[in-house]
Structure formats: structure tokens, C-alpha cells
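K.L.:
Right, I'll just put the structure down here and ask away after.
The values are calculated or read from the model by the stated rules, or taken from the named source; none is laboratory data. Please read these numbers as outputs of a predicted model, since none were measured by experiment. Positions of Cβ are generated from backbone atoms using ideal geometry, with glycine treated the same way; all protein chains shown enter the neighbour counts. These accessible areas exclude ligands, DNA and RNA; they are computed on the full protein's heavy atoms, side chains included. Shrake-Rupley method; radii C 1.70, N 1.55, O 1.52, S 1.80 Å.
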Amino acid sequence: MATLLEERPKAAHEKTTLPTPSAVVALFAFSSKLDRDNMQLFARTHSDEVHAAAIAADGRQVLELLHGGLRPQVLVLDALLTKPSVTEVLQEIGTMHLDPEPAVLVLVPVPEETAARRALGLFSQYRIMLRPYGMKNLFDEIYRMGSDEDEHRLYRLRRCCDDVLEMFGASMTLSGYRYAERMLLYALYADRPLRIGVLQQYVASEEGIEIGTVVSALNRLSAGMAKRGTEAYKTLCRRSGRPEDKPLSNGQLIKGMLEEVQKGLD
């Protein structure tokens, strides 16, 4: 289990490295314009994780894109797709012998009606997600289907770090948010306990900035979290022997959040 030491580093050692992830390329197809518009908006802010290469309106467009050379890692199809139907699209894709062959995720209505229950049987060989679904859950599944084991582990850890940062009241608009996330990831990937100074130096080197810039950004992040005063932050203050309305030190903050991330992974 990753741990954090707050003392200053006494000697240099080999730097912990993180995997370099790449976005999963996906082709989406929705019969509903509202679904297409929502996907377009969500994809713009999550392109580092899932790249929406195209968002088709019907089966014909899907086939044209694939015949035209588009090779998505994941194909996301609305079960209600028409012109042609999703089953016809999948049948033709099967004759195309695509290389590489995309993973297929079919979005199916909740099987309350006979037709929907039949659809579950038709798509049993593919990955299925029931409607209604959350966009975050959809992208999580797409990334899982299109990434390798190392990339997916980093993706999952980032999600856990972001959940904890949100729980503690961290503002995503501050540079300290990214620095804190990276420090947590370095601590999680390390094969030995790391000191707060080492984590700050890792981030400074990664960003090409002075370590003092990282320290100042984390101080501002902690001050904002103290002002927001979430229960998680106040609880950590009490555990650290600090007043609930006063900022935690960088070491106290990162150590407390790292413990919460590890709880979420257990």
C-alpha cells in the first residue's frame, strides 16, 4: 500500500514513472438528435480519455465511415438505430473483416417490453449497457473496452483521485488541483514511501516549473478547500490537530487524501 512521508528527502533516488495514456478512439451512432448533441458536448471536455472520431445519425453513416477507412477501437451503437437497423449494421461489419476489429457496445432500453427483452438476446455476443445511463459511466466502460491493462489502471486511479479531490472541496479551476492529482498518482505508483518534497519535485519537473510554484499552488488549493469547508476537509483538520477553518499543510492534505483514495480502491 502506498504511504507518504512528510520529512524532507535525504537522498535522491530513481524517479517513479507513470504510464503515458492515449485516448480511446470511438465511433458513436444515435438515432436521437438529443443523444448526438449530448455526446458531442460531453466528448469535448473528455477528449483526453475518449476521442469521438464521429457521431453518426443512422446505420448507413456508420457503414460509410467504416468502409471509408475509419478504424475505431470501440463502436458504440444505439439499439434503436435505423437505416439500416443495428442488427443489419453488425451483420455487415462481420463481413468486412476489419483490422483491427473494434469492440462493440450496444445501448439497449431497459427490458420492460417484449421487444427490448428480445434485443438483449440478439446482442448477447456484444457488450451491452442499459438505458438510462450516465455519461461518466458510459465513458468509463468505453475506456475499459479500448485500453490496455496499464492504461485502464491509471484511468481508474485518476477517477478515484478526482472523486476524493471533489469530496474535499478542491476547485478544478486552480492549478493546484492538477498538481495534487499528479502527486497522488505518483504516490500510488511508487514502490516505496515517498516524501512530500519528492512528490512536489516530481510535479515541478513534469511541468517544467520551480518547486516553489507547486508549493504555492497547493497552498492556494488548500486555502480554498478550508473556505469551502466540506465535512471531509474538516474531519481531516481534526485528525491533523488543526482548526477546521484553517488550511492544512501540503503534507497533511496529500497524506489525508491519499488515505481516502486507498479506501476507495479497497
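K.L.:
Which order, highest average first, do 56-62, 81-87 follow once you tally other Cβ atoms within 10 Å for each residue and take the mean per peptide?
P.N.:
Answer by packing, highest mean first, reads 56-62, 81-87.
K.L.:
Still on this structure, please answer the following. Which order do Leu265, Leu138 take by accessible area at a 1.4 Å probe, largest first?
P.N.:
Sorted descending by solvent-accessible area, the residues read Leu265, Leu138.
K.L.:
Still on this model: Label the stretch 39-159 by shape, choosing from rounded, prolate and oblate, from the square roots a ≥ b ≥ c of the eigenvalues of the Cα gyration tensor; if a/c is under 1.5 it is rounded, and otherwise prolate applies when a/b is larger than b/c, oblate when it is not.
P.N.:
oblate
K.L.:
Quickly estimate the mean residue ellipticity at 222 nm for the chain, helices only: each DSSP H run with n ≥ 4 gives -39500 (n - 2.57), and the total goes over all residues, rounded to 500.
P.N.:
After summing the helix terms and dividing by the residues of the chain, the value is -17000 deg cm²/dmol.
K.L.:
Let me ask something else about it. I need the shape label for the stretch 201-266. Rule: rounded when a/c is under 1.5, else prolate if a/b > b/c, else oblate, with a, b, c from the alpha carbon gyration tensor. Numbers along the way, then the final one.
P.N.:
Working: a/c = 2.50, a/b = 1.40, b/c = 1.78.
Verdict is oblate for the stretch 201-266.
K.L.:
Next question. So how far apart, in nm, are the two label points at Glu210 and Phe42 if each is 7 Å from Cα heading toward Cβ?
P.N.:
4.3 nm
K.L.:
What is the distance in Å between the Cα centroid of the stretch 252-266 and that of the stretch 40-78?
P.N.:
The stretch 252-266 and the stretch 40-78 have Cα centres spaced 36 Å from each other.
K.L.:
Tell me which residues come under 5 Å, amide H to amide H, from Val24 once H is placed; ignore anything under 5 positions away on its chain.
P.N.:
Hits under the 5 Å cutoff: Val50, His51.
K.L.:
Could you give me the ³J(HN,Hα) list for the stretch 151-164, computed from phi with Karplus coefficients 6.51, -1.76, 1.60 and θ = phi - 60°, whole Hz, x at Gly and Pro?
P.N.:
5, 5, 4, 4, 4, 5, 5, 4, 4, 5, 4, 5, 5, 5
K.L.:
A further question on this structure: Could you give the length gained on full extension between Asp148 and Asp191, defined as 0.36 nm per residue of separation minus the Cα-Cα distance, in nm?
P.N.:
Working: separation 43, 0.36 × 43 = 15.48 nm, distance 2.13 nm.
Contour length minus Cα-Cα distance gives 13.4 nm.
K.L.:
Further question: Once R0 is set to 45 Å, what does the formula 1/(1 + (r/R0)^6) return for the Cβ-Cβ distance between Tyr126 and Arg239, expressed as a FRET efficiency to the nearest 0.05? Display every interim value, and only then the final one.
P.N.:
Numbers: r = 47 Å, r/R0 = 1.05.
Taking R0 as 45 Å, the efficiency between Tyr126 and Arg239 is 0.45.
K.L.:
Set the Förster radius R0 to 35 Å, insert the Cβ-Cβ distance between Lys33 and Leu98 as r into 1/(1 + (r/R0)^6), and round the FRET efficiency to 0.05.
P.N.:
0.80
K.L.:
Also, quick follow-up: Given the Cα-Cα distance of Glu64 and Arg178 and 0.36 nm per residue of separation, how much length would full extension add, in nm?
P.N.:
37.0 nm
K.L.:
In the full protein assembly as shown, how much of Met96 is accessible to a 1.4 Å probe, in Å² to the nearest 10?
P.N.:
Here the residue's solvent-accessible area equals roughly 40 Å².
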